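Comments concern the structure below.
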Amino acid sequence: MSGPHRPGGTPGGRPPRRSGLRNPERAVRGLGAGTLSLEALVLVLAIQPIRVVGGDLGGAAIGVVVALAVAAVLLAGMMRRPWAWHAGTVLQGLLMLAGLLHWSLFVLGVVFALVWAYALHVRRVILG
């Protein structure tokens, strides 16, 4: 056989690299669900400190934060569906957009967007 690729999937005929996980799909789903669950918890717990520190968080803004937290929890439960990963990415954008209501929500959005980007990277590395 000519060329650097031989049977086995990788150059040199070595078998493809495995992640070492028993169920990589389940592990990746757990990472996504855990990330979204943590995000929901942080959002709900951030409401009062923002108000105490001088944030002008009115009823509508609190409703937006709670709605984003509920969406994160719902998505965490639907990580088996491939579209949930895309919806999680949209959720990060919506949280950054909520920064128009208060700057600290934008900061939380950036932090969780970075965490979500890392989760997507891990997903891509493990699942290919």
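Any read-out appearing in this document is the output of simple, stated calculations on the displayed coordinates, not a laboratory observation. Just so you know, these numbers come straight off a predicted model, no measurement behind them. Quick reminder, even Gly has a Cβ in these numbers, built from the backbone with ideal geometry, and neighbours come from all protein chains shown.
Observations, loosely collected:
- The local environment of Leu31, defined by Cβ-Cβ distances under 13 Å, has a net charge of +2 under the rule Lys, Arg +1 and Asp, Glu -1.
- Environment charge at Leu120 (Cβ cut-off 15 Å; Lys +1, Arg +1, Asp -1, Glu -1): +1
- Gain upon complete extension [Ala60, Leu41; 0.36 nm per residue less C-alpha separation]: 4.9 nm
- Karplus 3J(HN,Hα) series, Hz, for segment 84-93 with 6.51 cos²θ - 1.76 cosθ + 1.60 (x for Gly, Pro): 5, 5, 5, 5, x, 5, 4, 4, 5, x
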